[in-house]
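*Asks:* Quick one: the structure is below, questions incoming.
None of the figures in this text is laboratory data; all of them are computed from the coordinates on show. Everything numeric in this text was worked out from a predicted model, so none of it was measured. Heads up, the Cβs are rebuilt from the backbone with ideal geometry, glycines too, and the neighbour counts pull from every protein chain shown.
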Amino acid sequence: MNKKINNLKEIEYYSNFNLVGEHIVKSRKLKPDNQALNDMYFAWQEVGFYVHNHITNEKMYDISLSEYRADKIRAVERARKAELRIVELEQKLEKLETKKSLGL
């Protein structure tokens, strides 16, 4: 997906996540013994860790995929250069063999 669109979606996610998180933290401070708020607080942390990990993995996947593609392109370019060099050397060898057979 487009990098700019992903960045905008991440910004929107983190903004919303922080907004809701602030309300959970404030509510939890007002009622520290409320089990539902405590459960919500820890669940919200887990959601944040999970999504952050997912986003990080996606970025690492994109980076590694890009590196693999670059490696493949370099390998193909090296192979093409080697093939051209082989053709040149074969032509050179053929000329030398022709000269040798003619006694030159």
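*Asks:* Given that just one value was derived from the coordinates, which of (1) 13.8, 40; (2) 31.1, 104; (3) 18.6, 70 is Rg and Dmax of the Cα atoms in Å?
*Replies:* Only one listed value fits the structure, namely (2).
*Asks:* Once you have the Cα-Cα distance between Asp62 and Ala43, take 0.36 nm times their residue separation minus that, and quote the gain in nm to one decimal.
*Replies:* 4.0 nm
*Asks:* For the Cα atoms of the chain, what angle does the longest principal axis make with the long axis of helix 35-102, in degrees from 0 to 90, nearest 10?
*Replies:* Tilt relative to the chain: about 0 degrees.
*Asks:* Between Arg69 and Arg85, what is the label-to-label distance in nm when each label sits 7 Å out along the Cα-to-Cβ direction?
*Replies:* The two pseudo-label positions are separated by 2.8 nm.
*Asks:* Which of the listed residues, Ile63, Leu8, Gln35, is farthest toward the dipole's positive end in the chain, when Lys, Arg count +1 and Asp, Glu count -1 at the beta-carbon?
*Replies:* Of the options given, the answer is Ile63.
*Asks:* Count the net charge of all other residues whose Cβ sits under 14 Å from the Cβ of Glu58, scoring Lys and Arg as +1 and Asp and Glu as -1.
*Replies:* +1
*Asks:* With +1 assigned to the C-beta of every Lys and Arg and -1 to the C-beta of every Asp and Glu, and no other charges, what is the dipole magnitude of the chain about the Cα centre in debye, to the nearest 20?
*Replies:* 520
*Asks:* Angle between the Cα long axis of helix 3-30 and the longest principal axis of the chain, 0 to 90 degrees, nearest 10?
*Replies:* For helix 3-30, the angle is close to 20 degrees.
*Asks:* Efficiency by 1/(1 + (r/R0)^6): what FRET value for Asp33 and His54, r their Cβ-Cβ distance, R0 = 25 Å, to the nearest 0.05?
*Replies:* Computed FRET efficiency for Asp33 and His54: 0.15.
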